[in-house]
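Structure first, then comments.
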Amino acid sequence: MSALHDTLHRYVDDGTVPGAVGLVARGEGVEVVTVGSVDFDGTAPMARDSLFRIASITKPITAAAVLMLVEEGRLALEAPVEEWLPELAKPSVVRTPDAAVEDVVPAVRAITVEDLLSSRTGWGFPSDFSLPVVQSLFTVQKDGRALQDWPDADTWLGLLAHVPMLHQPGDAWLYGTSSDLQGILVARASGGTLPDFLAERIFEPLGMTDTAFEVTESKRHRFTSLYTPSPDGPPELTDTPDGLWSRLPRFHSGGGGLVSTADDWLAFARMLLNSGEGNGHRILTPTSVSRMTTNHLTAEQRADATLFLEGQGWGYGGQVDVTPADPWNVPGRYGWVGGTGTTANIVPTTGTIAIMLTQVGMTSPTPTPLMRDFWRSAAGS
């Protein structure tokens, strides 16, 4: 058995997760390890084509969609987003990060497409969740409701517009909100829906046949159950194959709404490593891939985002490593983690792709021990 198999099996054996799919590709060589079951009841063994709620590793895919529209001239990086998102035309900003939500000043400039892509719009989550305006954002962005219970995008955007920004546009990296704004931007700028755009322009050309915002009945036998860790016992069941993802939600979350498989994300990753071309189709230009996988944050912005980034940088839709803090932190490594227990990264300098899908959620932004051990195994450490 391989080190990857031993790593994943250890966490199944101790009850941390019911199962996992781990994939490590180096050039044309691909190692895939499946361990455990699709649920804690052992209903079916985990398989290479098992479906998972991939959560925030949706973000790189949404960023790629925005860049496709930039390449076509429908959007421009420096352009204000208010043409497409008029609700955000005149945002207010709290006077200081710890100010009351009523203590605001106008934004000094418009929010741009690049602000959305680099997660520096002024909306989102910092390392300190206790700030008054962050608590206000939680009522819109994350108030305990499943994505399927969010309002439609127009209603959600109207609610967000009434929440002051924590920072002026471009000043700080903040987590989460910008990717959902990207999804709405793609829909409005393309004149369709985010699910349709992603399906027609990314999933179908790349052969990502299992990636979508819902799971059809014919595929649910491959869909894993979702669990939440419990401090007093085994993880608790929070969603089943016939549950929340059995229908298309009102809100199409560009930040975390997709279901996918390890091989589908592999196809997307290979496109990035191949300078934007995959499965015989040109998805992005090399310039767009370079922008997407290059750090855009200053040292100060990275330091302020330690809870999420642990000192690393951010490109468009994903983390970009800038310091070798751990064996897996190769400068230029790009990717992200998902709150449902997923992670996907590429290392352009070595041509390595590392994807792990599990179905037990995270309890904080800090990567889990399982994720770190998977990264260590994939790095050969």
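The values are calculated or read from the model by the stated rules, or taken from the named source; none is laboratory data. Everything numeric here is computed off the predicted structure, so don't read it as measured data. For neighbour counting, all protein chains shown are included, and Cβ atoms are generated from backbone atoms with ideal geometry for every residue, glycine included. Protein only, heavy atoms only, side chains kept; ligands, DNA and RNA dropped before computing areas. Shrake-Rupley method; radii C 1.70, N 1.55, O 1.52, S 1.80 Å.
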Taking the mean number of other Cβ atoms within 10 Å as a proxy for protection, how do you rank 159-172, 208-221 from highest to lowest?
-> 159-172, 208-221
Amide H neighbours of ASP239 under 5 Å, counting only residues 5+ apart in sequence or on other chains, H built in-plane at 1.01 Å?
-> LEU226
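Between ARG282 and HIS9, what FRET efficiency follows from the Cβ-Cβ distance if R0 is 56 Å, with the result rounded to 0.05?
Working: r = 40 Å, r/R0 = 0.71.
With R0 = 56 Å, the Cβ-Cβ based efficiency is 0.90.
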Of the convex hull drawn through the C-alpha atoms of the chain, the volume per residue in Å³ is 126
What order do you get for 229-242, 316-329, 128-141 when each peptide is scored by the mean count of other beta carbon atoms within 10 Å, highest first?
-> 316-329, 128-141, 229-242
Answer with one residue from GLY15, THR62, SER2: the one whose Cα lies farthest towards the positive end of the charge dipole of segment 1-137, charges on Cβ with Lys, Arg +1 and Asp, Glu -1.
-> THR62
From phi via Karplus (6.51, -1.76, 1.60), per-residue ³J(HN,Hα) for segment 158-167 in Hz, x at Gly/Pro | x, 5, 4, 4, 8, 9, x, 7, 7, 9
How large is ³J(HN,Hα), in whole Hz, for each residue of segment 236-251 in order, when computed from phi with the Karplus curve 6.51 cos²θ - 1.76 cosθ + 1.60 and θ = phi - 60°, using x for Gly and Pro?
-> 9, 5, 10, 7, 10, x, 9, x, 5, 8, 7, 9, 6, x, 5, 9
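Suppose only helical runs count, i.e. DSSP H with n ≥ 4. What mean residue ellipticity at 222 nm does that imply for the chain under -39500 (n - 2.57) per run, divided by all residues and rounded to the nearest 500 deg cm²/dmol? Let's see the in-between values first.
Values: 12 runs with 105 residues, N = 381.
After summing the helix terms and dividing by residue count, I get -7500 deg cm²/dmol.
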How many nm is it between the label spots at SER218 and VAL30, if each spot is 7 Å from the Cα in line with the beta carbon?
-> 2.2
Provide the per-residue ³J(HN,Hα) series for segment 102-108, in order, calculated from phi with Karplus coefficients 6.51, -1.76, 1.60 and θ = phi - 60°, each as a whole number of Hz, with x at glycine and proline positions.
-> 8, 8, 10, 10, x, 5, 7
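Output the peptides 341-351, 36-46, 59-69, 109-119 sorted from most to least packed, where packing is the average of other Cβ atoms within 10 Å over each peptide's residues.
Working: 341-351: 21.5, 36-46: 16.9, 59-69: 25.7, 109-119: 23.2.
In descending order of packing, they fall as 59-69, 109-119, 341-351, 36-46.
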FRET efficiency for GLU204 and ARG247, using Cβ-Cβ distance with R0 set to 22 Å, rounded to 0.05 = 0.55
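What size of dipole, in debye to the nearest 20, comes out for segment 39-90 about its Cα centre when the only charges are +1 on Lys and Arg C-beta atoms and -1 on Asp and Glu C-beta atoms? Present the calculation step by step, with values, prior to reporting the outcome.
On the way: 5 positive and 9 negative charges, 26 e Å.
For this selection, approximately 120 debye.
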Segment 349-367 and segment 115-186: distance between their alpha carbon centers, rounded to Å | 23
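Per residue, how much accessible surface does segment 1-76 expose to a 1.4 Å probe? Answer in Å², no decimals. Working shown, then result.
Details: 2860 Å² over 76 residues.
Value returned for segment 1-76: 38 Å² of accessible area per residue.
Show me the GluC sites (Glu not before Pro) within segment 43-91 that DSSP assigns to loop and that have at most 11 other Cβ atoms within 10 Å of their Cβ. It would help to have the intermediate numbers written out before the result.
Numbers: sites: GLU71, GLU72, GLU78, GLU82, GLU83, GLU87; in loops: GLU72, GLU78.
Passing both the DSSP loop test and the Cβ count: GLU72, GLU78.
For segment 157-277, give the percent of accessible area contributed by carbon and sulfur heavy atoms, probe 1.4 Å, rounded to a whole number.
On the way: 2170 of 4400 Å².
Percent of accessible area from carbon and sulfur atoms in segment 157-277: 49.
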